[in-house]
Amino acid sequence: GAGVSQSPSNKVTEKGKDVELRCDPISGHTALYWYRQSLGQGLEFLIYFQGNSAPDKSGLPSDRFSAERTGGSVSTLTIQRTQQEDSAVYLCASSSIGGVNTEAFFGQGTRLTVV
Amino acid sequence: SQQGEEDPQALSIQEGENATMNCSYKTSINNLQWYRQNSGRGLVHLILIRSNEREKHSGRLRVTLDTSKKSSSLLITASRAADTASYFCATDAGGSYIPTFGRGTSLIVHP
């Protein structure tokens, strides 16, 4: 596809369940970011992948959160034992080389609601 | 805490007026970007300004950067109802490869 694709668009899950959120970045982009955005708030950094380097996981809020990027392309963010405070829009972005010196392309996000 | 902070948090204007929003940051940067977000979904890149630049234009957008004051402003001239959105600045604090976003300015343009 031409842009960053995220699925599902919306996800409602029960507290305590695990969820997987998927991101398909733009082909050839080596940098991939995950952010989350709570209602009316800014973007909170979660994790950063760059090529084959070890990911920067410094933004993950707890060990219930994990992410992987297979083959340098598709990424999956997994939240285990979801809590109500995990409700947010999860945004994925990719860029050609990473950093703020180049444009990041965002997906439309996954709106996660934990009930 | 957020590296970049936009103000005002909310701005309401009439169509045709200019809209100015500001971004302040704490540590030195190499680059600063402005993004737009419609309806709480994906962000769209508007403009990039480098630390050695003072002003850039793109269509009705004008961005300035004052590194001595650690601040940037985004001016939208002759606003339209379609400009209604949230606007965010993103910076690379200390040369980080991770764009750090502020909380954004919510702009409403009334037709």
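Residues in the stretch A:71-115 near a label at B:Thr67, defined as backbone nitrogen under 17 Å from the 7 Å Cα→Cβ point?
Backbone N within reach: A:100-102.
Cross-link partners among lysines for B:Lys70, C-alpha distance below 21 Å, same-chain residues fewer than 8 apart left out?
In chain and number order, the partners are B:Lys26, B:Lys56.
Please compute the length gained on full extension between A:Thr78 and A:Asn52, using 0.36 nm multiplied by the number of residues separating them and subtracting their Cα-Cα distance.
Residue separation times 0.36 nm, minus the Cα-Cα distance, leaves 7.4 nm.
May I ask for the Rg/Rh ratio of chain B, computed from Cα atoms with Rh as the Kirkwood radius, given to two decimals?
Computed over Cα atoms, the ratio is 0.95.
Under the definition of Cα pairs under 8 Å and six or more residues apart, what whole-number percent is the relative contact order of chain B?
39 percent
Whole-Hz ³J(HN,Hα) for each residue in the stretch A:9-18, computed from phi via Karplus 6.51 cos²θ - 1.76 cosθ + 1.60 with θ = phi - 60°, x for glycine and proline: what do you get?
Running phi through 6.51 cos²θ - 1.76 cosθ + 1.60 with θ = phi - 60° gives 6, 9, 9, 10, 9, 7, 3, x, 7, 8 Hz.
Taking the Cα centre as origin and putting +1 on Lys and Arg beta-carbons and -1 on Asp and Glu beta-carbons, what dipole magnitude results for the stretch B:61-111, to the nearest 20 debye? Don't skip to the end; give the middle numbers.
Values: 5 positive and 3 negative charges, 20 e Å.
It works out to roughly 100 debye.
Counting Lys and Arg as +1 and Asp and Glu as -1, what is the net charge of the other residues whose Cβ lies under 10 Å from the Cβ of B:Ile49? It would help to have the intermediate numbers written out before the result.
Numbers: positive: B:Arg50, B:Arg54, B:Lys56; negative: B:Glu53, B:Glu55.
The answer is +1.
Specify which residue in the list B:Ser96, B:Leu61, B:Cys23 is farthest towards the positive end of the charge dipole of the stretch B:13-103, using unit charges on the beta carbon of Lys, Arg (+1) and Asp, Glu (-1), about the Cα centre.
Toward the positive end, the furthest listed residue is B:Ser96.
How much net charge surrounds B:Ile108 when only the other residues with a Cβ under 11 Å from the Cβ of B:Ile108 are counted, with Lys and Arg +1 and Asp and Glu -1?
Neighbour charge sum, excluding B:Ile108 itself: -2.
Over the Cα atoms of the stretch A:4-115, what is the Rg over Rh ratio if Rh follows Kirkwood?
Expressed as Rg/Rh, it is 0.95.
Where the accessible area of chain A is counted over protein heavy atoms with a 1.4 Å probe, how much of it, in %, is carbon and sulfur?
With neighbouring chains kept in place, the figure for chain A is 45 percent.
What is the dipole size for the stretch B:12-111, taken about its Cα centre, with +1 at each Lys and Arg Cβ and -1 at each Asp and Glu Cβ, in debye to the nearest 20?
That gives a dipole near 160 debye.
Apply the Karplus parameterisation 6.51 cos²θ - 1.76 cosθ + 1.60, with θ equal to phi minus 60°, to every residue of the stretch A:94-111 and state each ³J(HN,Hα) to the nearest whole Hz, in sequence, with x for glycine and proline.
10, 8, 5, 9, x, x, 8, 8, 8, 5, 9, 9, 9, x, 7, x, 10, 8
Can you compute 3J(HN,Hα) from phi for each residue in the stretch A:30-47, using the Karplus curve 6.51 cos²θ - 1.76 cosθ + 1.60 with θ = phi - 60°, rounded to whole Hz and x for Gly and Pro?
Result, ordered by residue: 8, 9, 9, 10, 10, 10, 10, 9, 7, 3, x, 10, x, 8, 9, 5, 10, 7 Hz.
Evaluate the charge dipole of the protein assembly as shown about its Cα centre and quote only its size in Debye, nearest 20, assuming +1 on the Cβ of each Lys and Arg and -1 on the Cβ of each Asp and Glu.
60 debye
Counting only heavy atoms of the protein chains, get the accessible area per residue of chain A (1.4 Å probe) and round it to a whole Å² value.
With all protein chains present, chain A gives 46 Å² per residue.
What's the buried accessible area, both sides, between B and A using a 1.4 Å probe, rounded to 100 Å²?
Numbers: alone 6050 and 6290 Å², together 10430 Å².
Interface area, both chains combined: 1900 Å², rounded to the nearest 100.
Please state the relative contact order of chain A as a whole percent: Cα pairs under 8 Å, 6+ residues apart?
Computed value for chain A: 38 percent relative contact order.
The values are calculated or read from the model by the stated rules, or taken from the named source; none is laboratory data. In this text the structure is predicted, and so the values were computed from the model without any measurement. Glycine gets a Cβ as well: all are built from the backbone with ideal geometry, and neighbour counts include every protein chain shown. For accessibility, only protein heavy atoms count, side chains too; no ligands or nucleic acids. Shrake-Rupley method; radii C 1.70, N 1.55, O 1.52, S 1.80 Å.
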